[in-house]
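As structure tokens, the structure follows; a few thoughts come after it.
Please treat every number below as a calculation from the coordinates, not as lab data. Because the structure is predicted, anything quoted here is derived from the model rather than measured. Glycine gets a Cβ as well: all are built from the backbone with ideal geometry, and neighbour counts include every protein chain shown.
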């Protein structure tokens, strides 16, 4: 879609220090060296350097993750393959609230709804995390924090990007991708207020390989109002609105078609924190509605509602023992031929012990009480040990975690292949790894994971003459395993190199569109205090896909993409940037018969008042 850029509501951050903290793995701000989980942090600086890119594109550069469809037409449905899993095993959290679409095929949250310009940071916790986060947190939790006012006074930030959007066969470089955003931050005394608004329009590409263009448009709005009653008690109300319109083409057979989808989401949230001594009580609650309309050969309408309440008590004993006890209530409702709903009421407990001599233990359990499937226990045990070095550490880590994934309402009662007899899917994940940090200038980590799936749910053809199909539990057990390696180095004062490699294997089946090998690398250099440039590279190995015109499996060739980006600050208030994606105009496929983006360029600016 577009290349890289840089802008934010505050000054650019410095390179990460030894006191870098992670939150998602325990809900406490712990030093990275005391965390035994694999947590990826995408901070504001990195988001600045990806301005104009979608959230899916940014996440797709991280180890263990393949977001299929993120390199295609902007309206393309995306699939999140994390550690060999799929959409239903990835949980998205926004400002402390679990979000999903109960009427969606895999009940996942549509990442296309989000605007990266409104996000403050993203933490990605990989591995089973159902103890803290419940149903679906089997391969990853994507924890997103949106921007809000932090400094006294009023600040207004304007952002604008214009770019091309063309395939490898086009070379006219006509402007076809337009993004604009305005963010307003205000703080006065005990009051804080935030208004975030964004718009995107993209044209120029056909979804399927063809001549007809399939435009994509999106608007986002976010309003927050907070009040601090005292130093110990605060409350914040929020409202979100997102709307996406996407034209798309026929998938069976693959051909140009005048199809269209519309997704409209509204979410209202309330959060509050009361601090006392060494503890705090927190409440995160939200009401969410998502309406999706499909205009195609099989027109359909999907409407869903979702209530989420998560209240928990955090307490620290002697600055080394961190505990959390809470209850999470979720009610999902959809409207198919008739109204369907499912409710979970989950009490949970988790504890972290961070000793002064290197040993760290993260352990917990959750009792999942599901209205359709009764009571199920999930738990985790995550020990780690770090050896202090003069300026860094060596950390050994291991993990054993379980997760529970109930069939979603669409799989049970939806219009396409429902099966009310489905059994829940259960996952067990084992991890073991090593992290070595020499100083703030060098870190390397390597980790092995093995995940066992029981009662895996898939969409299965049951009659090849009529193509009738339904959701089924296909096997007693399937296995996914792999290796993840990450490196971050600053060999020179103004030069940073980061890279990651992932090997993923599913031994018991032939996974579609999942690369066995994937490599990402970024080289960034500060030309001056006002000018920076970066070169990013991505290699994706060959994958298996199905040609639905012939129902034959085909091999998709491996490919490499190179992106170039540069930014310059004209003044404290004005920053400009430019970038080129797919520099060598590589030809490749993500999905058989569907278009991918060729060489594209963009330019943009950020103005802070």
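Fewest first, what order do 580, 94 take by the number of other Cβ atoms within 10 Å?
So the residues, fewest neighbours to most, are 580, 94.
Consider a paramagnetic label point 7 Å from the Cα of residue 199 along Cα→Cβ; state which residues of region 102-126 have an amide N under 14 Å from it.
None, by backbone N distance to the label point.
Using Cβ contacts closer than 10 Å as the measure, can you line up 416, 357, 577 from fewest to most?
Ascending Cβ contact count within 10 Å gives the list 357, 416, 577.
Provide the gained length on full extension for the span residue 572 to residue 320, in nm with one decimal, where the gain is 0.36 nm per separating residue minus the Cα-Cα distance.
Net length gain for the segment: 86.5 nm.
At 7 Å along the Cα-to-beta-carbon direction for both residue 483 and residue 311, put a label point, then send me their distance in nm to one decimal.
Using points 7 Å along Cα→Cβ, the separation is 4.9 nm.
For residue 460 and residue 235, FRET efficiency with R0 = 56 Å and r from the beta-carbon atoms, rounded to 0.05?
On the way: r = 48 Å, r/R0 = 0.86.
Between residue 235 and residue 460 the formula returns 0.70.
Between region 250-290 and region 30-95, how many Å separate their Cα centres?
16 Å
Per residue, what volume in Å³ does the convex hull of the Cα atoms of the chain enclose? Present the calculation step by step, with values, prior to reporting the outcome.
Numbers: hull volume 83.3 nm³, N = 609.
Taking only Cα atoms, the chain has a hull volume of 137 Å³ per residue.
Over the chain, what is the relative contact order in percent, taking alpha-carbon pairs closer than 8 angstrom and at least six residues apart?
14 percent
Given 0.36 nm per residue, what is the gain on full extension from residue 388 to residue 219 after removing their alpha carbon distance, in nm?
My answer for the length gained is 56.0 nm.
Determine, from the Cβ-Cβ distance of residue 609 and residue 191 and an R0 of 25 Å, the FRET efficiency 1/(1 + (r/R0)^6), rounded to the nearest 0.05. Intermediate results must be reported in sequence, preceding the final value.
On the way: r = 20 Å, r/R0 = 0.81.
After rounding to 0.05, the efficiency reads 0.80.
I need 384, 106 ordered by Cβ neighbour count within 10 Å, fewest first. Mind dumping the intermediate values first?
Details: 384 22, 106 19.
Ordered by Cβ neighbours within 10 Å, fewest first: 106, 384.
Distance from the Cα centre of region 149-205 to that of region 221-247, in angstrom?
With region 149-205 and region 221-247 each reduced to a Cα centre, they are spaced 18 Å.
Modelled label-to-label distance, residue 273 and residue 294, 7 Å Cα→beta-carbon offset: nm?
4.1 nm
Say R0 is 25 Å: what FRET efficiency, to the nearest 0.05, do residue 474 and residue 547 get from their beta-carbon distance?
0.70
Going 7 Å from the Cα of residue 416 along its beta-carbon direction, which residues of region 298-337 have the amide nitrogen within less than 13 Å of the resulting point?
Inside the label zone: 298-302.
At 7 Å along Cα-to-Cβ for each site, give me the label-to-label distance between residue 31 and residue 45 in nm.
Each label point is offset 7 Å from its Cα along the Cβ direction, giving 2.0 nm.
Show that you can apply the helix-only estimate: for the chain, add -39,500 (n - 2.57) for every DSSP H stretch of four or more residues, divide by all residues, and state [θ] at 222 nm to the nearest 500.
After summing the helix terms and dividing by residue count, I get -500 deg cm²/dmol.
How many angstrom separate the Cα center of region 552-576 from the Cα center of region 331-397?
35 Å
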